Amino acid sequence: MVILSDPELVEGESKDLYMLNIHSIETFGTHEGPGIRLVVFLQGCNFRCLYCHNPDTRPLKGGKLMKSEEIIELLKKQKPYFKDNGGLTISGGEALLQRQGLLDLFTKAKKAGFNTCLDTNGSILDETAKKLLEKTDLVLLDVKHIDPIWHQTVTQASNESVLQFAKYLEKNSIPAWLRYVLVPGYTNQKEFLHKWGEYFAKYENIQRVEILPFHTYGFYKYKELGIKNPLQDVPAPTEKEIKEAYNIFKQYFKSVYIR
Ligand code: SF4
């Protein structure tokens, strides 16, 4: 797995580490963390998930560069809608590729009183990432497969760093929601759903588990980008398959949601 640093991300466009390379912004997001949120999708990802719904976020270049201050301004405009639990969510692509810029943003967002949420694949845990986690109220962590070989198949990357990341969250009592994309034939093997549940069942920092059923809405993006969609012929899971996964996770976690 190649991990690119911030300077490489913005190479040729800006050397300012505090600029964020942004794919898009959703102003009233309700799916990425609690309450109503400003959701910022960053450009660039180090995974290549077979089921990626946003392949256009994966290239490292091509987004729009923005400063933390510009995002804080957007947050201030939306503040009345956030109520008690809304706030800022950073998603991707993979957010941690731009951890230096995010540290600047989250530090300023916390100072201004905003709730911060980080949606990540958990593949990077260096000192900057750890500092960023100190400024993060909630982590949405995708653990895409518990089996190392299947994880490699599904994401083209190892799950070792992801599990280390999860462990770090647990050790430091950082609240997390775990997310799991359910894909027929790839991530719905019952034995591995049980293993996934067993592995995290004792983690006291996990507030909820979310099952994200695979869907085909993003398929048109592969066509537009002219890239092969490896799951072109894979259907969305049936109600029965979703319910089966839900029932397995419910054996290990109090709060399980289907999104
Ligand atoms: S981590 Fe997310 S953005 Fe990256 S390839 Fe996987 S699904 Fe796509």
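Couple of notes before you dig in:
- Summarising the amide proton neighbourhood of Ile258: residues at separation of 5 or more, or on other chains, whose placed amide H is nearer than 5 Å comprise Ile211.
- Between Lys195 and Lys240, the modelled label-to-label distance comes to 2.5 nm, taking each label 7 Å out from Cα in the direction of the beta carbon.
- Residue pairs, from the table Lys130/Lys254; Lys67/Lys254; Lys64/Lys131, whose Cα atoms sit over 32 Å apart: Lys67/Lys254
- Pairs from Lys111/Lys171; Lys135/Lys202; Lys61/Lys111; Lys167/Lys221 whose Cα-Cα separation, in the structure shown, is over 32 Å: Lys167/Lys221
- Virtual spin-label span in nm between Asp233 and Lys64, 7 Å along Cα→Cβ: 4.0
- When Ser161, Ser91 are compared by accessible area of protein heavy atoms, the largest-first order is Ser161, Ser91, using a 1.4 Å probe.
- Judged by the mean number of other Cβ atoms found within 10 Å, the most tightly packed of the peptides 225-232, 150-157 leads the ranking 150-157, 225-232.
- Peptide ranges 55-62, 36-43 listed from the most packed, as the mean C-beta count within 10 angstrom indicates: 36-43, 55-62
- Taken about its Cα centre, the chain carries a charge dipole of about 520 debye when Lys and Arg each add +1 at the Cβ and Asp and Glu each add -1 at the Cβ.
- At the listed q of 0.16, 0.18, 0.22, 0.27 Å⁻¹, the Debye profile of region 22-69, built from one uniform point per Cα, gives log10 I(q)/I(0) equal to -0.53, -0.65, -0.88, -1.04.
- Gain upon complete extension [Ile258, Tyr81; 0.36 nm per residue less C-alpha separation]: 61.3 nm
- With both residues required to sit in the chain, DSSP beta bridges show an antiparallel share near 25%.
- Relative to the 2.2 N^0.38 Å rule of thumb, region 78-162 has a C-alpha radius of gyration ratio of 1.21.
- ³J(HN,Hα), Karplus 6.51/-1.76/1.60, whole Hz, each residue of region 240-251, x for Gly, Pro: 5, 5, 5, 4, 4, 5, 4, 5, 5, 4, 5, 6
- Cα-derived Rg over Rh, computed across the chain with Rh taken as Kirkwood radius: 0.95
- The chain: angle of helix 160-171 to the longest principal axis, Cα-based, in degrees nearest 10: 70
- Share of pairwise Cα separations in region 32-178, more than 21 Å, in percent: 42
- Whole-Hz couplings from phi, Karplus 6.51/-1.76/1.60, listed for region 121-134; x for Gly and Pro: 8, x, 8, 10, 9, 9, 4, 5, 4, 5, 5, 4, 5, 5
- By the Kirkwood approach, averaging reciprocal distances over each pair of separate Cα atoms, region 159-246 gets a hydrodynamic radius of 14.9 Å.
- Positive-end residue of Leu20, Asn115, Leu169, charge dipole of region 6-258 with Cβ unit charges: Asn115
- Summarising the amide proton neighbourhood of Leu42: residues at separation of 5 or more, or on other chains, whose placed amide H is nearer than 5 Å comprise His23, Ser91, Gly92.
- Filtered chymotrypsin sites (Phe, Trp or Tyr not before Pro), region 194-224: DSSP coil and at most 12 other beta carbons within 10 Å: Tyr217
The values are calculated or read from the model by the stated rules, or taken from the named source; none is laboratory data. All figures in this text were calculated on a predicted structure; none of them were measured in a lab. Glycine also receives a Cβ, built like all others from the backbone with ideal geometry; neighbour counts cover every protein chain displayed. Quick note on the areas: whole protein, heavy atoms, side chains included, nothing else; ligands and nucleic acids left out. Shrake-Rupley method; radii C 1.70, N 1.55, O 1.52, S 1.80 Å.
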